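Step one of this worksheet: look at the structure below.
The values are calculated or read from the model by the stated rules, or taken from the named source; none is laboratory data. Fair warning: this is a prediction, and the values are worked out from it, not measured in the lab. Using ideal geometry, Cβ is built from the backbone for each residue, glycine included, and neighbour counts are taken over all protein chains shown.
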Number of protein chains: 2
Amino acid sequence: MIAEIIASGSEMLTPFRQDTNSLYLTAQLNELGVSVAFKTIVGDNLEDLTGAARVALERADIVIFSGGLGPTEDDRTREAVAAALGVELRRDAQIVTAMYKRFAERRMKMPENNARQADVIEGAEVLANANGSAPGQYIDTVVGRHRKIVVLLPGPPNELKPMFEAECRPRLAATLPERHMARRMLRMALVPESQVDARTAPIYKKYKDVDTTILAGSAEIQLHFVCAKPTEAEAQARVDELAEKIEQEMGEAIFSSHGESLEEVVLLMLGLRHMTLAAAESCTGGLLAQRLTAVAGSSRYFLGGAVVYADRLKTIFAEVPEELVRDEGPVSEPVARAMAEGIRRRTGASVGVGITGIAGPGPGAPGPDAGKPIGLVYIAISYAGLSGGTSVTELHITGDRERVRWWASQHALELVRQGLLERT
Amino acid sequence: MIAEIIASGSEMLTPFRQDTNSLYLTAQLNELGVSVAFKTIVGDNLEDLTGAARVALERADIVIFSGGLGPTEDDRTREAVAAALGVELRRDAQIVTAMYKRFAERRMKMPENNARQADVIEGAEVLANANGSAPGQYIDTVVGRHRKIVVLLPGPPNELKPMFEAECRPRLAATLPERHMARRMLRMALVPESQVDARTAPIYKKYKDVDTTILAGSAEIQLHFVCAKPTEAEAQARVDELAEKIEQEMGEAIFSSHGESLEEVVLLMLGLRHMTLAAAESCTGGLLAQRLTAVAGSSRYFLGGAVVYADRLKTIFAEVPEELVRDEGPVSEPVARAMAEGIRRRTGASVGVGITGIAGPGPGAPGPDAGKPIGLVYIAISYAGLSGGTSVTELHITGDRERVRWWASQHALELVRQGLLERT
């Protein structure tokens, strides 16, 4: 069974907006064992939309439309699909009544053209919309000699997703052969994609029944495994077996074996060790703190810290001796070390992080930093107590300001994680 | 003239990857006066790709392909387009020689199948690739009785964009009627979209020759104006005239009249006033600092600040009296005020910002914050010197943790901007 997804809406034919529903729908269809072969984006003009519907009915078994179900003149999906199927639209009295009731409850008069939303394609089942007024439609029919399933869903993701799950997925599942999917995701930070592929391909290529996808980006590699089997237990067993072999090969480079983010893993590891973290950030300017505090519940293990962008603040908030900044320059190994140790002492955290570097666009400032290149970053991690000590890592990160800052925050999290691994 | 963009590549039919080239290509085509009526995404299978090419040649005047020009068996765009046009592929000896030379220069042997990249569609002009080995192709032909322009571009954006600009755009411009485009963008923060539309629609609807798009999202509204005229001066004059009228209507709600970000505007305004900023952030956890420091050159006007997530840090870094936190609760008007004033004093900045709130997922902690709802945020702005004083704003932000944090940072920036407007 092959599917086509058609997103309708003129705003998705501008340089500003992208169709995103299709990513969700593709994941859902794949879970049902259906591949997506085509995606089409078309405006809200009836002729184009009808043409796109005709083309899709010829080349796909399942055609899913998103958008164009509202009450306005621009909402033409119902008409286009009826025309492509060569059937009529009928206004459903029950839907009209329900709409009048909804408006009356809010003491509003229903606009005339709202009734267009009650136009149902001959032979269609109506799909209830829990989060909006436009109902969806589900058509299981025969075109030529081929069975075709056509689904009309509303465009807003908060209406489309619940409607797919409650109304559409069960109908498709009842129609399609039973399949059970299992998924796993392994995540690694800062390992080159080529190295991951060279080391893991000989393993995952042996699992021909598991679909493996490697995604690289933002200083992270993700390995996605998907497997479909007649029972869930069989699918899960295959995916877990492969994941375990990959984990043996890549070892502690894998920070997440069930999809958790690096921030979540670091916070979890701190919690297990009854430890807390604080950070003094210069070139990352709060990015590390912001990433950690984006995780719900982070306040128990991340105390906070300081954004010591101006040199004077390094002294005020992180106890970096003034003469150290003056003599070595703010971007230096000793200053990073002093920042990590100072912020740890000041906050009483078990682990202190200090980050200083040159994010660009210009190289180091005049003085001791003169001539230091864009991308030079020092990250210091300082531990309190018995397992104490401070280590500083010097990095040379390529790319623009945004990339240098992101990779520096990623390195800092990964260095904290590796340090915690040794402190069980 | 109507265009269709076809992105080929099976990875774009997974739930993980999206076609992004089409946004760039749409902007470029619009500038040339061409509307995009269809976008198609198709896998790298020859039959599907040929079918998609045939459909596009029927419904569009200009068809632009991206991807599928590499040397592997999965790169089938050349073959598909030749089949759809009913013409032959010819291996171009000159391209083959150039490829051999390139490999020889690197002392490498060229793999056999690399020569596929030299297969040129009958009647096509070859487009040089400055950043990769796969050349593009440009075909200006007649199908049936209709003139059709077909362009094949490589998939990687760093190859596609320079090739479009250097090789494709000039050819299209020479073919199409001369047009000059002018653009403007106005930006507003925190104003409801419905209000912007109600107030601006009566104005922009009178400018039928200017294409107006309103985009809302992330606590910001953007108004995009595009106008095409025979000369650039005419186009610019129309766009500027409309922008000026909208600026008169919306007044100081518009933070940016040439597209600058809110962070950039705030930093610029601080610079003009020889002022500096520092922030003490609780619920936003460094997000405000991170947004400001993402702007190159921000270090001159943003000194830094403290992420005072743990209560004790509010006292250590922002001089908030311990008993104030204990009695009023960390999420309270007096604590926000003390944070803003404290961080200003400690850092010596001209403006201090204090943000405290409940980002969720849970409501206020036991103690004085018990019962305070998710989304309650206090933002204090404190000014030094002659124009001194501190103001605190209480907000109730709806949505999840991410949204509460983002809107709080947006409100803080907008409040700083409005405060600076009064201090010229």
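Residues of segment B:167-219 being more than 19 Å from the chain's Cα centre (by Cα) and free of Cβ contacts under 8 Å to residues at least 12 places away in the same chain, which ones?
Listed by number, the residues that qualify are B:P170, B:A174, B:P192, B:S194, B:Q195, B:A198, B:A201, B:P202, B:K205, B:K206, B:K208.
Of the numbered conditions (1) closer than 23 Å to B:L215 by Cβ; (2) in contact with a Gly (Cβ under 8 Å, 6 or more places away or on another chain); (3) crowded, with 18+ Cβ neighbours inside 10 Å, A:A80 fails exactly one; give the number of that condition.
(1)
Of the residues A:D92, A:D75, only one is charged (D, E, K, R), in contact with a Gly (Cβ under 7 Å, 6 or more places away or on another chain) and modelled with pLDDT under 95; which?
Testing whether each residue is charged (D, E, K, R), in contact with a Gly (Cβ under 7 Å, 6 or more places away or on another chain) and modelled with pLDDT under 95 leaves just A:D75.
Out of B:L23, B:L57, B:L29, B:L85, report the one residue that is under 25 Å from B:T175 (Cα atoms), at the interface with chain A (Cβ under 8 Å from one of its Cβ atoms) and at pLDDT 90 or above.
Just one listed residue meets the conditions, B:L23.
Across segment B:157-172, what is the total count of residues that are surrounded by fewer than 16 Cβ atoms within 10 Å (Cβ to Cβ) and of a type in the set (A, V, I, L, M)?
1
Tell me the helices (runs of 4 or more DSSP H) entirely within segment A:210-307 that contain at least 2 residues that are of a type outside the set (S, T, Y) and at pLDDT below 95.
A:232-250
The rows are residues; the columns are (1) over 28 Å from B:C227 (Cβ atoms); (2) in a strand (DSSP E or B).
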site	(1), (2)
B:K148	yes, yes
B:L152	yes, yes
B:G155	yes, no
B:F164	no, no
B:R169	no, no
B:L172	no, no
B:A182	no, yes
B:R187	no, yes
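So in segment B:32-45, with the set limited to residues that are within 7 Å of another protein chain (Cβ to nearest Cβ) and over 15 Å from A:I6 (Cβ atoms), which one is modelled with the highest pLDDT?
The qualifying residue modelled with the highest pLDDT is B:V36.
Can you confirm whether B:S350 is crowded, with 19+ Cβ neighbours inside 10 Å and farther than 14 Å from B:D311 by Cα?
Spelling it out, B:S350 is indeed crowded, with 19+ Cβ neighbours inside 10 Å and farther than 14 Å from B:D311 by Cα.
Which count do you get for residues in segment B:306-322 that are surrounded by fewer than 18 Cβ atoms within 10 Å (Cβ to Cβ), more than 12 Å from chain A (Cβ to nearest Cβ) and under 21 Å from B:G388 (Cβ atoms)?
Looking only at that region, the number is 1.
Suppose we keep only residues that are among the polar types (S, T, N, Q) and crowded, with 18+ Cβ neighbours inside 10 Å within segment A:362-421. Which one would you say is farthest from A:G329 (Cα to Cα)?
This residue is A:Q410.
Limited to segment A:1-20, what total is found for residues that are free of Cβ contacts under 8 Å to residues at least 60 places away in the same chain, facing chain B (nearest Cβ under 8 Å) and either of a type in the set (G, A, S) or not in a helix (DSSP H, G or I) (or both)?
Looking only at that region, the number is 5.
Hey, can you tell me all the residues within segment B:22-45 that are surrounded by fewer than 22 Cβ atoms within 10 Å (Cβ to Cβ) and among the polar types (S, T, N, Q)?
Within segment B:22-45, B:Q28, B:N30, B:S35, B:N45 qualify.
Inspect segment A:323-332 for any residue being buried (at least 24 other Cβ atoms within 10 Å of the Cβ) and touching a residue at least 60 places away in the same chain (Cβ under 8 Å) and give the result as yes or no.
no
I'm told A:K161 meets every condition in (1) under 21 Å from A:A3 (Cα atoms); (2) of a type outside the set (F, W, Y); (3) not assigned by TED's automatic domain parsing to the domain that holds A:S66 except one. Can you identify the failing condition by its number?
Unmet for A:K161, out of (1) under 21 Å from A:A3 (Cα atoms); (2) of a type outside the set (F, W, Y); (3) not assigned by TED's automatic domain parsing to the domain that holds A:S66: (3).
So which residues in segment B:112-127 are at pLDDT below 95, among the aliphatic types (A, V, I, L, M) and either under 36 Å from the mean Cα position of the chain (by Cα) or crowded, with 19+ Cβ neighbours inside 10 Å (or both)?
Listed by number, the list holds a single entry, B:A118.
To keep it simple, each residue is scored yes or no on (1) in contact (Cβ under 8 Å) with a residue 24 or more places away in the chain; (2) under 32 Å from the mean Cα position of the chain (by Cα).
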position: B:T347; (1), (2): yes, no
position: B:T356; (1), (2): yes, yes
position: B:P366; (1), (2): no, no
position: B:G375; (1), (2): yes, yes
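If we scan segment A:46-54, do we find a residue that is at the interface with chain B (Cβ under 8 Å from one of its Cβ atoms), more than 30 Å from A:C227 (Cβ to Cβ) and surrounded by fewer than 23 Cβ atoms within 10 Å (Cβ to Cβ)?
The answer is yes; a qualifying residue exists.
Name the one entry in A:S257, A:S299 that is more than 9 Å from every other protein chain (Cβ to nearest Cβ), polar (S, T, N, Q), under 26 Å from the mean Cα position of the chain (by Cα) and more than 25 Å from A:V335 (Cβ to Cβ).
Within the list A:S257, A:S299, the selection yields A:S257.
Do you know which residues across segment B:172-204 are modelled with pLDDT under 85 and of a type in the set (D, E)?
Those that are modelled with pLDDT under 85 and of a type in the set (D, E): B:E178, B:E193.
On the given criteria, is A:A235 touching a His at 6+ places or on another chain (Cβ under 9 Å), crowded, with 20+ Cβ neighbours inside 10 Å and among the aliphatic types (A, V, I, L, M)?
yes
So which residues in segment A:269-296 are at the interface with chain B (Cβ under 8 Å from one of its Cβ atoms) and on the phi > 0 side of the Ramachandran plot?
Hits for segment A:269-296 are A:G285, A:G286.
For segment B:133-156, give me each residue that is over 21 Å from B:L89 (Cα atoms) and surrounded by 15 or more Cβ atoms within 10 Å (Cβ to Cβ).
Matches in segment B:133-156: B:P156 only.
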